[in-house]
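Report on one structure; see the data block that follows.
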Amino acid sequence: MTIIKKHREEVLKMNDKPPSIQEWKDLYEAAIEFKKIKPWNWMWDTDIFGVQNPVTGETGYCCVMGGAGEHFALAVYLGSEGLNGYLKLQSKKNYPSLEDMLNFQKLLMASFEDREYLQKEDFQLIKKFNLNFSGPNSWPLFRSYRPGYYPWYLTGEEATYLTLCLNQAIDVALRFKDDPDLLTPPRENHYFVRVPKLKKGKTGLSWRDMWMEPLPLQKGEIIVEPIDEVRLAKIKRRIPHRQGVWEVDYFYYSEPIREKEERPFYPYITLWVDQHSG
């Protein structure tokens, strides 16, 4: 499938170098500060804003989750593709199930979970930094989502960017608390975006507010695989000649597959069924 091939190539090209100790430390500190202000007490997941990546220039579209008192997190939908997935999610029309919703999302997430949802690798980091968490919705969890892939651990680049997003989310959330019109767009299809700029003669970044229109969504190239005519002819000779109606569907397999050290993915299953015999 074209979508799967596109994202598989994208994931394979990613720099999968894990975060350094300092990058993890910065991320946990940012997440703890974000949780302290409890922005879900006055923001909803429809209050979306952007944070531009200072390295790639891509905008991540952020929303605060937890207004309903269930799932507390900062979600960062990556680029126009991520934003498109977010908008589909908000429409609640395009996904038949929660699994499908997650399978098609492209985002980074910092969430606060019950202890049972963390893996061994998460506990090792928490122990390394001598952090203490207790109670429900208290344990920081960081994951990367890609369409067709199992939620996975962050790379160093993802951890650095998610740290920036958490810090900028604190800034935006506190200002939004005082000014509920902060994120109201001046014109259609424009989003409030925090844009970085290198400080002159100094290390570090300065940030400014801008209203920006998302880049057009890039559709993946349709790649037609060559047909094995000889094999096709052999198959046709084995099939009885009769008329009938066939039904076809394709969907993600419910269990992920992992090849060597690669990121686990959900394979697509294509199913053809004779309407009469099933």
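One table, with the values for the structure above:
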quantity: Residues (surrounded by 16 or more Cβ atoms within 10 Å (Cβ to Cβ) and over 15 Å from the mean Cα position of the chain (by Cα)) located in the range 138-155; calculated: Trp139, Pro140
quantity: Pick from the range 124-149, criterion part of a loop (DSSP other than H, G, I, E, B) and among the polar types (S, T, N, Q), ranking: nearest to Pro19 (Cα to Cα); calculated: Asn130
quantity: Number of positions in the range 236-276 that are surrounded by 10 or more Cβ atoms within 10 Å (Cβ to Cβ) and either outside any strand (DSSP E or B) or more than 25 Å from the chain's Cα centre (by Cα) (or both); calculated: 11
quantity: Options Gly66, Gly79; residue that is on the phi > 0 side of the Ramachandran plot and touching a helix residue (DSSP H, G or I) at 6+ places or on another chain (Cβ under 6 Å); calculated: Gly66
quantity: Criterion (in the same structural domain as Asp47 (by TED's automatic domain parsing), within 30 Å of Pro54 (Cβ to Cβ), acidic (Asp, Glu) and out of contact with any Pro (no Cβ under 7 Å at 6 or more places or on another chain)) met by exactly one of Glu261, Glu188; calculated: Glu188
quantity: Members of the range 221-235 that are exposed (fewer than 10 other Cβ atoms within 10 Å of the Cβ) and of a type in the set (Asp, Glu); calculated: Glu221, Glu225, Glu229
quantity: Residue within the range 155-178 that is touching a Leu at 6+ places or on another chain (Cβ under 7 Å) and more than 18 Å from Leu27 (Cβ to Cβ) present; calculated: yes
quantity: Qualifying residue in the range 164-171 (condition: surrounded by 10 or more Cβ atoms within 10 Å (Cβ to Cβ), charged (D, E, K, R) and in contact (Cβ under 8 Å) with a residue 60 or more places away in the chain); calculated: no
quantity: Exclusive hit being at pLDDT 85 or above and closer than 30 Å to Tyr153 by Cβ, set Pro256, Pro226, Pro264; calculated: Pro264
quantity: In the range 85-125, the residues that are modelled with pLDDT under 85 and of a type in the set (Asp, Glu); calculated: Glu99, Asp100
quantity: Lone qualifier among Leu154, Leu166, Leu162 - being under 30 Å from Glu262 (Cα atoms), in a loop (DSSP other than H, G, I, E, B) and not small (Gly, Ala, Ser); calculated: Leu154
quantity: Residue in the range 114-123 that is part of a loop (DSSP other than H, G, I, E, B) and of a type in the set (Asp, Glu) present; calculated: yes
quantity: Filter result for Pro180 (more than 26 Å from the chain's Cα centre (by Cα) and modelled with pLDDT of 95 or more); calculated: yes
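The values are calculated or read from the model by the stated rules, or taken from the named source; none is laboratory data. Worth saying up front: this structure is predicted, and the values here are computed from it rather than measured. FYI the Cβ positions are ideal-geometry reconstructions off the backbone, even for glycines, and counts take in every protein chain you see.
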